[in-house]
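The values are calculated or read from the model by the stated rules, or taken from the named source; none is laboratory data. Just so we're clear, the structure is a prediction, and the values are computed from it rather than from any experiment. Cβ placement follows ideal geometry from the backbone for every residue including glycine, while neighbour counts extend to all protein chains displayed. Keep in mind that these areas ignore ligands, DNA and RNA; they rest on the heavy atoms of the full protein, side chains included. Shrake-Rupley method; radii C 1.70, N 1.55, O 1.52, S 1.80 Å.
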Amino acid sequence: MSLHHSEETHQNLLARVPGCTGRELPEWFRELEEGPSFLRFDERVTWLQDEHGLAHGHATAIVHEHDLKRAQRSFL
């Protein structure tokens, strides 16, 4: 599964995550890292939705951004 919305929509979703969820992005990234070790994108999105009650768009944006940040770390 891949990101199905534009970069602009992705950035707008990310900007709304703290207000909609009550948690900042680094907290969600830690949650993904400490949660079940799902390998597939859609499994991680579904887990955030089911376990934390996130909307699909927010869960997708969080997982996508986490993947981008993790990829950047691997190149450093």
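Looking at the chain, the accessible area is 63 square angstrom per residue; that uses a 1.4 Å probe and ignores ligands, DNA and RNA. For residue 15, neighbours were defined as the other residues whose beta-carbon sits under 12 Å from its Cβ, and their charges (Lys and Arg +1, Asp and Glu -1) total -2.
Solvent-accessible area of residue 16, all protein chains in place: 120 Å² (probe radius 1.4 Å, heavy atoms, ligands and nucleic acids excluded).
The share of alpha-carbon pairs in the chain lying farther apart than 18 Å comes to 33%.
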